[in-house]
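The next block holds one structure in the form of structure tokens; read it before the comments.
The values are calculated or read from the model by the stated rules, or taken from the named source; none is laboratory data. The structure presented is a predicted model; accordingly, all values stated were derived computationally and were not measured. Using ideal geometry, Cβ is built from the backbone for each residue, glycine included, and neighbour counts are taken over all protein chains shown.
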Amino acid sequence: MQGRFVSLIRGEQGDLYCIDSVCYHMGGPLTIGDIEEVNGEECVVCPWHNYPVTLKTGSKLYESMDFQNGKLQPSGWKASEKRQRVHEIEERLDGIYIRLSSTEVISRRSEDAEWQSDKWAFNKDAARNCQRTGAESGADGKRRFKSSDGKYVVGSRAGSTSDIGLKVYSRSGHVLEEQREGCTLGKPNTMDTRIFKPFTLLRKEKLTPSMSVFTFLLAKDQTLGILHVQRHVQVRAFVEGEPIIREYTPISDLSKKGEFDLAIKLYENGKLSRVFSDMKIGNSVEMRGPFGTFTLKPRLRRGPPFIYAGSSCEETKGMPAKNITMFAGGSGITPMLQIIRESVHRFDVYQTLFFFNRCYEEIPFLPLLRELKNDGNLALHLYCSAGPIPMGNEDVALGRFSSCVDKNHVCSPDSEDGSVIIICGPHLFNDTVQHWVKSKVGYKSGQVYVL
């Protein structure tokens, strides 16, 4: 950063720190050291000499010794200050911001350095130190550094004097960067149905007072691997030692590469809600997928989708669904949103959405839903169980499901092209809607799907 190589380190408690990458002592790769708690402070421990450096202040901690009754006895922890330079860091919703506390270049042999790590921050000889280990690395203090230590051979014959095949590092940080790229911990992952993998949080954006969109990192040029609408991923976190698994439907474009979005409703007493509420940019959570026991697939290049349901989604031959009526309650909008957005591009289908929320402020994706309605393939019915509703929102009505839904707005179950009902929301909502569409509108069990 501005010629100085620094490291961003997330502590065990989730705090974010910015510290010089190269160790103040002998140019060791401090940035890849273990994070440990020493005397109640979070430290990064240099892998060369095991010096603990506090992430907050950059001080070296050590346990002092005093003579007591003629014997050396521990006398408590002390700190050697001005060892590893630290920098200001601020974490915001749109990213991480750093302000360097110094950009001054200091020679390694100079004694004129405010912090000891200043003598290594720009030194290209430290690149060799970080690349090699053992006696050849200079870690034991016996080997003198040479000007050639800024280079190491890549693919050349041993002993060759040619510069062909040499890779030049202007500073040690470049070597550390390559070492990180070769490490699987923290790297972007690809989604896998077999195992849980950690996915890093890139951004988060509040949609409503209780719902936020969390954007996670994927491997470069990779998608989630969702080929058929409607698919979800499983999220796992350990809360008080107990594994908690929940399912969430991605809301981003399924062809999106490099990242994906989950819309998550945060409940006051929800176990996983607490995990997401506490997540900061750079934190990760385990996921696997995609999964689904209900899916829409095309039979033809263009035409109505066919719906499959069952443990393998192939247990039925599939039925055409030219007319899809959806009932969503609260966060139950996420699978509907995936169906609606993907159907715009892939299927010849007419869709009707009944969307219920507690109040106007809790309606997520309202601008997007209105935009999709204007495209002409979506009939949109929005309801709130409590007011007020701001002026200019004539498409939002007050009322609960049992009193406000007109069965004439639901596609006929006897359509020759095929009609289905899809329901997603709280359990009581699902049961109520399912009973209503069967008893009042005439849908059969095979035409009603609860997600």
Worksheet entry | Sole exception among (1) in a loop (DSSP other than H, G, I, E, B); (2) in contact with an Asp or Glu (Cβ under 7 Å, 6 or more places away or on another chain) for Tyr24, by number | (2)
Practice prompt. Among the residues of region 422-449, count how many are in contact (Cβ under 8 Å) with a residue 12 or more places away in the chain and buried (at least 16 other Cβ atoms within 10 Å of the Cβ).
Written response: 16
Practice prompt. Output the number of the condition that Val235 fails; it satisfies all remaining conditions of (1) touching a Gly at 6+ places or on another chain (Cβ under 7 Å); (2) within 23 Å of Leu451 (Cβ to Cβ); (3) of a type outside the set (Phe, Trp, Tyr).
Written response: (1)
Practice prompt. Among the residues of region 76-99, write down those that are of a type outside the set (Asp, Glu), within 29 Å of the chain's Cα centre (by Cα) and part of a strand (DSSP E or B).
Written response: Val86, His87, Ile89, Arg92, Gly95, Ile96, Tyr97, Ile98, Arg99
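Kindly indicate which of Arg358, Arg341 is surrounded by fewer than 22 Cβ atoms within 10 Å (Cβ to Cβ) and either closer than 17 Å to Ile251 by Cα or among the aromatic types (Phe, Trp, Tyr) (or both).
Going through Arg358, Arg341 in turn, the sole match is Arg341.
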Discussion item. Consider region 406-421. How many of its residues are part of a helix (DSSP H, G or I) and surrounded by 11 or more Cβ atoms within 10 Å (Cβ to Cβ)?
Written reply: 2
Discussion item. Yes or no: region 186-199 includes at least one residue that is of a type in the set (Gly, Ala, Ser), at pLDDT below 90 and surrounded by 17 or more Cβ atoms within 10 Å (Cβ to Cβ).
Written reply: no
Item to complete: Taking Gln73 as the residue in question, decide whether it is polar (S, T, N, Q) and either without any contact (Cβ under 8 Å) to a residue 24 or more places away in the chain or assigned to a strand (DSSP E or B) (or both).
Response: yes
Discussion item. I'm trying to understand the selection: among the residues of region 212-270, which are within 20 Å of Ile281 (Cα to Cα), of a type outside the set (A, V, I, L, M) and in contact (Cβ under 8 Å) with a residue 60 or more places away in the chain?
Written reply: Ser212, Phe214, Phe216, Tyr248, Pro250, Gly258, Lys265
Discussion item. Being assigned by TED's automatic domain parsing to the domain that holds Val441, more than 21 Å from Lys322 (Cβ to Cβ), exposed (fewer than 12 other Cβ atoms within 10 Å of the Cβ) and without any contact (Cβ under 8 Å) to a residue 60 or more places away in the chain is the requirement here; does Glu394 meet it?
Written reply: yes
Discussion item. Looking only at region 211-236, how many residues end up being under 26 Å from Glu362 (Cα atoms) and at pLDDT below 90?
Written reply: 3
Worksheet item: Within region 380-387, is there a residue that is closer than 19 Å to Glu342 by Cβ and either surrounded by fewer than 15 Cβ atoms within 10 Å (Cβ to Cβ) or assigned by TED's automatic domain parsing to the domain that holds Phe327 (or both)?
Response: yes
Response to the item:
Here the residues within region 27-46 that are surrounded by fewer than 22 Cβ atoms within 10 Å (Cβ to Cβ) and in a loop (DSSP other than H, G, I, E, B) are Gly33, Asn39, Gly40
Item to complete: Among what's in region 259-278 and is modelled with pLDDT of 90 or more and of a type in the set (D, E, K, R), pick the residue that is surrounded by the fewest Cβ atoms within 10 Å (Cβ to Cβ).
Response: Glu259
Practice prompt. Go through the residues of region 422-435 one by one and say whether even a single one is at pLDDT 85 or above, of a type in the set (S, T, N, Q) and assigned to a loop (DSSP other than H, G, I, E, B).
Written response: no
